[in-house]
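**Q** What follows is a single structure, and I will ask about it in a moment.
The values are calculated or read from the model by the stated rules, or taken from the named source; none is laboratory data. What you see is a predicted model, and the numbers here were worked out from it, not measured in a lab. Heads up, the Cβs are rebuilt from the backbone with ideal geometry, glycines too, and the neighbour counts pull from every protein chain shown.
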Amino acid sequence: MTEPIKIWIIIFFLGIGTYLIRFSFLGLVGDRQLPKWFIQHLNFVGVAVMPGLIIPFLVWPDATGGTLDAPRLLAAIAAFCFGIWKRSALWSVIAGISVLYLTMFILN
Amino acid sequence: MKFSPTSKKSAFWLGYRDNIPFWLIVAPFGLLFGVVATEAGFSIFQTMIMTAFVVAGSSQFTALTLLQDDAPTFIILATSLAVNLRMAMYSAALVPHLGRAPLGIRALFAYFLVDQSYATSINIYTNNPKMTLSQKCRYFMGSFACLLPVWLISTLIGALLGTKIPPEYALDFAMPICFIALSAPMMRSLPHFIAALVSMIGTLVFISAPYSSGLIIAAFLAMIAGVQTENWQKRRLKND
């Protein structure tokens with residue numbers, strides 16, 4: 001169990017930091033141009049962080065004691081494929097959850 | 001979407017209306033965040049303060065994930081804030097449209113800057129070059145007025161339900177699905193695929209890096225890989 005002070009510190013600084021990121025250009029930089037290479041790298045932040053964040057959950061899920069698990073793997077693949085195909089987060093969630101429950105139901 | 005240059009009141013409602021479809025995405029994510037946060041040991045009060053103060057679902061999920069991994073505070077903050085860096089891009093992109101609004105209004109809008117309100121606003125600003133500053137501001141307000149209450153209420157419902165959901169429902173996997181759903185539609189090109197691949201391989205390779213820093217290392221490598229692939233593609237196009 002995490003101690004409450006750590007939770008509060010994270011809430012506080014994540015809130016302040018996120019606000020400053022949002023305020024950055026709109027509030028301070030004004031009309032000045034950003035370096036091109038910087039914007040080019042920013043474009044990849046989402047795909048650089050999120051896949052890495054989830055891969056340990058896929059390979060070693062806590063709920064199964066850390067072994068690869070067919071329903072979770074198939075659900076992830078379904079969510080990924082539908083997300084790309086439909087270009088929509090909603091379809092991705094629906095596909096992932098449906099496959100997860102369906103395969104869990106069939107295998108158990 | 002065409003826009004009448006005279007109306008003021010309707011700009012707000014247009015912004016509101018254009019964002020109604022996103023209820024379908026915001027509500028489940030809010031619900032999920034409420035559930036996962038309480039499962040991770042957050043009180044309902046902490047969950048709600050976080051959701052109202054940060055208003056950035058994916059970084060909130062990131063922080064929760066790393067908290068459960070027992071990562072150090074500094075790493076949790078650095079990684080979660082990295083997830084929000086894309087908003088710096090949004091902020092920069094809105095400057096030509098909202099940059100001349102008074103500082104107080106811009107400071108307020110900074111709090112309102114989320115993926116959906118950015119995407120709908122920039123779309124209507126670009127398609128209606130004659131929109132006045134005041135209409136642009138009202139549209140932006142409308143987009144957020146549409147989404148914030150749904151985000152807050154759905155989080156609260158999730159937090160109230162949270163601990164009552166039994167483990168058979170595999171809620172441990174709600175968060176990974178959520179991140180897949182957020183990142184899959186971003187895979188628009190080969191460079192994005194390469195970046196995602198490097199991110200996954202890198203995280204697994206650096207899994208035992210000190211202070212849970214593996215993800216940040218992997219993310220940096222992934223961004224570089226994505227940009228380099230993009231540059232390589234451009235060079236190849238030029239040479240053809």
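**Q** Tell me the residue from A:42, A:28, A:34 that is at pLDDT below 85, over 25 Å from residue B:36 (Cα atoms) and more than 7 Å from chain B (Cβ to nearest Cβ), please.
**A** A:28
**Q** Just to be sure, is residue A:80 within 7 Å of chain B (Cβ to nearest Cβ) and either in contact with a Cys (Cβ under 8 Å, 6 or more places away or on another chain) or assigned to a helix (DSSP H, G or I) (or both)?
**A** Yes, satisfied.
**Q** Can I ask one more? Any chance segment A:79-90 includes a residue that's under 18 Å from residue B:170 (Cβ atoms) and charged (D, E, K, R)?
**A** No, because not a single residue in segment A:79-90 is under 18 Å from residue B:170 (Cβ atoms) and charged (D, E, K, R).
**Q** On to the next question. Name the residues in segment A:92-103 that are facing chain B (nearest Cβ under 8 Å) and modelled with pLDDT under 90, would you?
**A** A:92, A:93, A:97 - these are the residues of segment A:92-103 that are facing chain B (nearest Cβ under 8 Å) and modelled with pLDDT under 90.
**Q** Further, regarding this structure: Which fully enclosed helices (runs of 4 or more DSSP H) of segment B:165-240 have 1 or more residues being of a type in the set (Asp, Glu) and out of contact with any His (no Cβ under 6 Å at 6 or more places or on another chain)?
**A** Passing ranges, in order: B:214-239.
**Q** Ok, one more. State which residue is nearest to residue A:47 (Cα to Cα) when the search covers only segment B:40-64 and only residues that are at the interface with chain A (Cβ under 7 Å from one of its Cβ atoms) and part of a loop (DSSP other than H, G, I, E, B).
**A** Ranking the candidates gives B:56 first.
**Q** Would you say residue B:103 is more than 21 Å from the chain's Cα centre (by Cα) and either under 24 Å from residue B:181 (Cα atoms) or within 9 Å of another protein chain (Cβ to nearest Cβ) (or both)?
**A** yes
**Q** Taking the criterion of being assigned to a helix (DSSP H, G or I), more than 30 Å from residue B:41 (Cβ to Cβ) and modelled with pLDDT of 90 or more, would at least one residue in segment B:145-152 satisfy it?
**A** Looking for residues that are assigned to a helix (DSSP H, G or I), more than 30 Å from residue B:41 (Cβ to Cβ) and modelled with pLDDT of 90 or more, one finds at least one in segment B:145-152, hence yes.
**Q** Please name all residue pairs, on different chains or six or more residues apart, with Cβ atoms under 6 Å, provided the first residue is in segment A:24-49 and is crowded, with 16+ Cβ neighbours inside 10 Å and the second residue is modelled with pLDDT of 80 or more and among the polar types (S, T, N, Q).
**A** Pairs that qualify, where the first residue is crowded, with 16+ Cβ neighbours inside 10 Å and the partner is modelled with pLDDT of 80 or more and among the polar types (S, T, N, Q), are A:24/B:91; A:25/B:91; A:26/B:91; A:46/B:183; A:47/B:183; A:48/B:199.
**Q** Within segment B:183-203, can you find the residues that are under 17 Å from residue A:76 (Cα atoms) and surrounded by fewer than 24 Cβ atoms within 10 Å (Cβ to Cβ)?
**A** B:185, B:186, B:187, B:193, B:197, B:200, B:201
**Q** Separate question: Kindly indicate whether residue A:57 is surrounded by 14 or more Cβ atoms within 10 Å (Cβ to Cβ), within 29 Å of residue B:190 (Cβ to Cβ) and in contact with a Phe, Trp or Tyr (Cβ under 6 Å, 6 or more places away or on another chain).
**A** Here the answer is no, as residue A:57 does not meet what is asked.
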